[in-house]
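Taking it in order: structure first as structure tokens, then the write-up.
The values are calculated or read from the model by the stated rules, or taken from the named source; none is laboratory data. This one's a predicted model, so the numbers in the text were calculated from it and none came from an experiment. Virtual Cβ from ideal backbone geometry, glycine too; neighbours counted across all protein chains shown.
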Amino acid sequence: MRKIIVAIFIVMLAVPAFAASDPTTEEQKALYAIGVEFAKQLDIFNFSAAEFEFVQQGLADKANGKKIIADPEAYKQQINELAQARVKIAADKEKAKSKEFLENAAKEKGAQKTVSELIYIPIKAGTGKQPKSTDIVKVHYTGSLIDGKVFDSSVKRGQPVEFPLNQVIKCWSEGVSKMKVGGKAKLVCPSTIAYGDEGRPPIIPGGATLVFEVELLGVKAPGAAPGATKPFGKKK
């Protein structure tokens, strides 16, 4: 992630002057979309108005051929350190937002809180095979943030997914291994067993608690070929 941020900074400092009007052609809109994508990648910095003025000054100086005050190549380490610090600040805020949600989830009927902080809430008991950590499982799932926003769903796509249970985030590995085929459960995953402080921007914020509703449809022995699709819950 840090290398990407540095690269984006360098590219941004090399772009030409801003267009005077809104984009109208498809090519102009594609260029505009590049700018939006760069901005998304810089969200982690959470610049104040005063800080962003310096970013704009760097853009303008480079675009106008002025003398560069601070060469981005020479400031790679400082940029990375700033990015890491801002990531931690944002993640800590996200974790604080999740605290009450996690406490309430642990109080739901049938909820089981494990040593890893996973909150496992059975919805429907299964009667089939219970997977081992090395097995390949077939599931339907919906993943959401604590505000209820769905970020991925095999149910909506109408296509179950298959994957080795030991190749997904810890929350999935642990939670699905507690299920039996035919069962359905809610997995409430604090960031420590999901995507950590870095998250998976721009979809999942750093430090985010995730909620998955998972239905276990089948289990295969290790060595069997998994399906072509994998869940959002796969390891980074």
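Remarks
- Verdict on Ile44 being under 30 Å from Ser191 (Cβ atoms), among the aliphatic types (A, V, I, L, M), part of a helix (DSSP H, G or I) and modelled with pLDDT under 80: yes
- Scanning segment 60-86 for residues that are surrounded by 13 or more Cβ atoms within 10 Å (Cβ to Cβ), within 29 Å of the chain's Cα centre (by Cα) and of a type outside the set (Val, Ile, Thr) yields Pro72, Tyr75, Lys76, Asn80, Leu82, Ala83, Gln84, Arg86.
- Among (1) free of Cβ contacts under 8 Å to residues at least 12 places away in the same chain; (2) in a loop (DSSP other than H, G, I, E, B) - the single one Gln56 does not satisfy: (2)
- Check on Ala96, exposed (fewer than 14 other Cβ atoms within 10 Å of the Cβ), out of contact with any strand residue (DSSP E or B) (no Cβ under 7 Å at 6 or more places or on another chain), small (Gly, Ala, Ser) and at pLDDT 80 or above: yes
- Within segment 112-129, restricting attention to residues that are of a type in the set (Gly, Ala, Ser) and over 14 Å from Thr209 (Cβ atoms), the residue that is farthest from the chain's Cα centre (by Cα) is Gly128.
- The number of residues in segment 202-234 that are within 27 Å of Thr127 (Cβ to Cβ), surrounded by 20 or more Cβ atoms within 10 Å (Cβ to Cβ) and modelled with pLDDT under 90 comes to 2.
- Any chance Lys170 is surrounded by fewer than 20 Cβ atoms within 10 Å (Cβ to Cβ), over 19 Å from the mean Cα position of the chain (by Cα) and assigned by TED's automatic domain parsing to the domain that holds Gly110: no
- Considering residues of segment 95-105 that are in contact (Cβ under 8 Å) with a residue 40 or more places away in the chain and out of contact with any Ser or Thr (no Cβ under 7 Å at 6 or more places or on another chain) only, the residue farthest from Gln167 (Cα to Cα): Lys97
- Qualifying residue in segment 186-198 (condition: modelled with pLDDT of 95 or more, among the basic types (Lys, Arg), in a strand (DSSP E or B) and closer than 22 Å to Leu217 by Cβ): yes
- The condition (being outside any strand (DSSP E or B) and among the basic types (Lys, Arg)) is satisfied by just one residue among Lys138, Lys156: Lys156.
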